């Protein structure tokens, strides 16, 4: 483990704008430290001893992505066979079933860990030997844009860093956040319900360590600049092994001050800005994404002024999609979409419908009335899902639904029906069409069912959507076109291929929300050069519906057709018919699948 000191000479080649930007940020974050010396150490930690920054930082623009970009999200050991390294199997799966269609892979924490399926890291600089090694990671990075996790809020209580903290070894004695049990911590926003502080016996006496997420996950103290330097050095190691997208996990909780909510504090945003500044001057094209599972307005703040995250998770989308398709109404989905600002140049939304953590409910607060959230919870529980809670000063509230996405769409509020596949595919078509970059959790991509055995064996709700798949059995299923996983994957790949060929689906292409009544959710996309328009419209109900052609601005003289079916769309008179849960991408140019 390395903690960078301040003894390095600042490179003469460092651009003045980078140097000055680092010093200004560091002076604000660490007013009691020398910003000139800290800036020297920051550059050395992030660029490495021989690294040279770009002469000019990247100006915020949309050149870091295109309509071809997307991500598949997976654990390093989702695919197993008891014989080969899981990362070998992931490489094989990616080559066989993803290559040529999907362009990015997010491998969830692939480091040694003790709990939370990888998010209680013991060593950030090595790959978990049960998965493979750095060479396996680099091999995947050769063919896909690789995203890695920077779990920078906390590490494992059994890590060497924390062991050195307990034993009083420098510099680790100042690496972890401690507090007094008598401190007023009632304002602290918590994503969990366990006690915030855990008592540890250390070489210098009993200390109470901050544990935001679990008592095995001890929080770092970023008021110590050496903690920041350590993580910048870790980022550099990831980049050297081929990582090009850095995910800042749980970053909203990074900075703690007694008497505050300890979420979204000024210093947290400034640390994100500092990392973004370094990324902009990095020779490699690094994209920074923040993971902040919080209400929508708070989440949007991590774009900053085009100087924080390049991408933010569109956390409100999953619960809004679920509500819309279970109830057959776009009422709240439409209202949210109308109020969403377009991402500025240099920024993009990261659109997804499910993740390894389930379907978050906090982002729906203020967007969907509580009684309707309760109805969604009840329905998903009827389909076998679970619900997890978080602590607020006024008591516990629902935090997330734990369910596989395919099973979440088993029916509607009226109960289970036979339109599960259509409903699921509709949700994915919406994710693909919206402004931003689409992402697909592997268990959604493969229509995995709820893993009740996993929940019972591991003892926590999130295991329901983290099943380990026998790779031999999975290949047999995917090679049989009649199985549900094969049919789902085939349909999704066909839609992704179509999407990837449409400039109107560029992540920053123009978007306007359509008003077509509660039964439909629709929006208009226009390419950056204004040559292509797409009306992306979905029927959210289990009944055949139609939209008058006159309701759409189909420019006369253009050849309008549905990109997903190839059907021509008559205009200006007539009705456009939609089957239950059908999505149409009606365009004036572009080829259908």
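Since every read-out is calculated from the coordinates, none of them should be taken as a lab result. In this text the structure is predicted, and so the values were computed from the model without any measurement. For neighbour counting, all protein chains shown are included, and Cβ atoms are generated from backbone atoms with ideal geometry for every residue, glycine included.
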Query raised in the report: Which whole-angstrom value gives the distance between the alpha carbon centres of segment 72-113 and segment 534-554?
Result: 38 Å
Requested in this report: For segment 379-399 and segment 23-45, write down the distance between their C-alpha centroids in whole Å.
Outcome: 42 Å
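Out of all DSSP beta bridges in the chain, what portion is antiparallel? Express it as a percent rounded to 5.
65 percent
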Query raised in the report: Points 7 angstrom from Cα along the Cβ direction at residue 381 and residue 126: gap in nanometres?
Result: 4.5 nm
Query raised in the report: Okay, helix-only estimate at 222 nm for the chain: each DSSP H run of n ≥ 4 adds -39500 (n - 2.57), divide by all residues, round to 500 deg cm²/dmol; what do you get?
Result: -8500 deg cm²/dmol
Query raised in the report: So, by mean Cβ neighbours within 10 angstrom, what's the order for 17-24, 199-206, 175-182, 284-291 with the highest one leading?
Result: 284-291, 17-24, 175-182, 199-206
Requested in this report: At 0.36 nm per residue, minus the direct Cα-Cα distance, what do residue 370 and residue 187 gain on full extension? Give it in nm, one decimal, please.
Outcome: 63.6 nm
Requested in this report: Calculate the radius of gyration of the Cα atoms of segment 145-226 to one decimal place, then report Dmax, the largest Cα-Cα distance, as a whole number, both in Å.
Outcome: 13.3, 47
Query - Separation of alpha-carbon centers, segment 328-351 and segment 292-325, rounded to whole Å - result: 9 Å
Query - Efficiency of FRET between residue 58 and residue 531 - r from beta-carbon atoms, R0 30 angstrom, step 0.05 - result: 0.70
Report task. Please give the helix 484-500 orientation as an angle from the longest Cα principal axis of the chain, in degrees from 0 to 90, rounded to the nearest 10. Result -> 90 degrees
Query raised in the report: Working out 0.36 nm times the residue gap between residue 163 and residue 473, then minus their Cα-Cα distance, what length gain in nm do you get to one decimal?
Result: 107.4 nm
Query raised in the report: Which FRET efficiency, nearest 0.05, do residue 27 and residue 135 yield, Cβ-Cβ r, R0 45 Å?
Result: 0.65
Query - Packing-based order for 394-401, 365-372, using average beta carbon neighbours within 10 Å, highest first - result: 394-401, 365-372
Query raised in the report: For the pair residue 487 and residue 577, what calculated FRET efficiency results from E = 1/(1 + (r/R0)^6), where r is the Cβ-Cβ distance and R0 = 30 Å, to the nearest 0.05?
Result: 0.80
